[in-house]
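The values are calculated or read from the model by the stated rules, or taken from the named source; none is laboratory data. In this text the structure is predicted, and so the values were computed from the model without any measurement. Note that each Cβ is placed from the backbone with ideal geometry, even for glycine, and that neighbours are counted across all protein chains shown. In case anyone asks, the SASA skips ligands and DNA or RNA and just uses the protein heavy atoms, side chains included. Shrake-Rupley method; radii C 1.70, N 1.55, O 1.52, S 1.80 Å.
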Amino acid sequence: MSMSTTKLNAESHLLLDQPLLRLPHELLRKTFKTSQKHFERDQNIILTGVKEAATKAMAGGGPEDSVASLDSMINRMQGLKRKLESLHEDEKVLQEHSRKRINHLQDLYNIPSLVDEGYDRWSRTRLDRLLVDFLLRAGYGGSAKKLAQEKRIEDLVDVDVFVQCARVEASLRKGSTVECLAWCQENKNSLRKMKSTLEFELRLQQFIELVRAGQPKEATAYSKKFLVPHSENHLEDIEKAAALLAFRPGTPYQPYKAMYSADRWEFLANTFINTHHSLYGLPSRPLLHIALSAGLSALKTPSCHSSVASSSSNTASSTTSLCPICSTELNDLARHVPYAHHVRSSVEPDPVVLPNGRIYGRERLEELASKLGLPEEKIRDPTTGEEWDRSEVKKVFIM
């Protein structure tokens, strides 16, 4: 195996397997923050209640008031306990997922070489993961779930996360911002740290819909409540939105025509997907695409898409091409991927260059000429089928 292929293998493992641990980590962090928020809020309320009950008791309040205050605090603590128990169960599930995923990656570490039989089994499991990821991103949640169950890899994939993402995306494409705004509220602190513009765009769309519906007073009130707080970073957009009050739907003037356009819902759906994936550390492209690009790039050579490559099949050659990139199935897919960075070249012994610039080993050219029965002074290019005099062949010196 060449050094370039080894390097690509290492990079592809990093790209393909990093989300395997990153997503459970982000979900655990989110669960912890939620638990912390519930605890701190209820703790403050309970401590305040205790102080008020003590103050009333010292001021000569009746025992009924004290009992009522204590009952209220007990009920709140029991509610907090139920919330924390539910979150703790979620944490246990996520920790179990992380443990199984770490074991899955440990299996790869324990494989002695890439030619070992265990690597084939491990790669097959990873391929199943990539297929589930692809199906989830394409909107086939049911098929993805069945495949995960059939292959017994439910703990290695995140079906629920993508199903939730698909549900919110679908609601946006149908013209509803309710579910997405709820998601933004749930992840408010994280989105603020990311400096995400998703919530502002959603609020702007709601303002546009109020104007479209002919409700200028409601739109103005909504703008003051939800758009003005974003004026520090979106003043220009807010000013354009305010001008919509003077331009009705169907106006030919930009940018108001674009703001009324139904294409904004597509924009909002795509913005949500990008924000969702960034929040959870997920690649923007399907993992299957990344794996396929890495493999195609590692195998691709300049001759795979040469204008004379097809002619080699019609000329006699001393070898038969088994290049997968030259196959009908993969040739078009590999056309626009970059070539791998080869740090070590492989050159045939005693290299010579032909007049067309191609380099071959002298022995290979002589063997081909002998098999084809060419005149002694002639040689043929194994790829293009062109013939030249031996005197036109020049020796190549590798520096």
Exercise. By how many degrees, 0 to 90 and rounded to 10, does the Cα axis of helix 198-212 deviate from the longest principal axis of the chain?
Worked result: 70 degrees
For this session: Would you mind computing, in nm to one decimal, how far apart the modelled labels at residue 28 and residue 86 are, each placed 7 Å from Cα along Cα→Cβ?
Result: 2.3 nm
Problem set entry | Free-standing Cys, the chain [no other Cys Cβ under 4.7 Å] | 165, 180, 184, 304
Problem set entry | Proximal aspartates and glutamates relative to residue 51, as straight alpha-carbon distance under 17 Å, when same-chain residues fewer than 8 apart are discounted | 40, 42, 64, 65, 71
Exercise. Taking the chain as a Gaussian network, where each spring joins two C-alpha atoms under 10 Å apart, which residue of 250, 385, 357 fluctuates the most?
Worked result: 357
For this session: Tally up the carbon and sulfur contribution to the accessible surface of the range 9-110 as a whole percent, 1.4 Å probe, everything protein left in place.
Result: 58 percent
For this session: Find the accessible area per residue for the chain; the probe is 1.4 Å, ligands and nucleic acids are left out, and the unit is Å².
Result: 62 Å²
Exercise. Over the chain, one equal point on each Cα, no solvent: what is log10 I(q)/I(0) by the Debye formula at q = 0.06 Å⁻¹?
Worked result: -0.48
Problem set entry | Estimated distance in nm for a label pair at residue 174 and residue 235, the labels positioned 7 Å out from Cα along Cα-to-Cβ | 4.0 nm
Problem set entry | Expected 222 nm ellipticity per residue - DSSP helices of 4 or more, -39500 (n - 2.57), all of the chain, to 500 | -21000 deg cm²/dmol
Exercise. For the Cα atoms of the chain, what angle does the longest principal axis make with the long axis of helix 362-372, in degrees from 0 to 90, nearest 10?
Worked result: 70 degrees
Exercise. In whole angstrom, how far apart do the alpha carbon centroids of the range 351-399 and the range 168-221 sit?
Worked result: 69 Å
For this session: Would you mind telling me the share, in percent, of accessible area of the range 351-395 contributed by carbon and sulfur at probe 1.4 angstrom?
Result: 43 percent
Exercise. Label residue 96 and residue 72 with points 7 Å out from Cα along Cα→Cβ: what is the distance between them in nm?
Worked result: 4.0 nm
Problem set entry | Cα long-axis angle, helix 263-279 against the chain (0 to 90 degrees, to the nearest 10) | 90 degrees
For this session: Subtracting the Cα-Cα distance from 0.36 nm times the residue separation, let me have the gained length for residue 18 to residue 113 in nm, one decimal.
Result: 32.1 nm
Seminar exercise, completed: Going through 100/146; 30/151; 174/195; 371/394; 33/217 one by one, the pairs whose alpha carbons sit over 31 Å apart turn out to be 33/217
Seminar exercise, completed: The extension gain from residue 335 to residue 140, computed as 0.36 nm times the residue separation minus the Cα-Cα distance, is 67.4 nm
Problem set entry | Within a Gaussian network of the chain (alpha carbon springs, distance under 10 Å), most fluctuating of 183, 388, 122 | 388
Exercise. In µm²/s, what is D for the range 49-153 at 25 °C and 0.890 mPa s, where D = kT/(6 pi eta Rh) by Stokes-Einstein and Rh is the Kirkwood radius from Cα pairs?
Worked result: 130 µm²/s
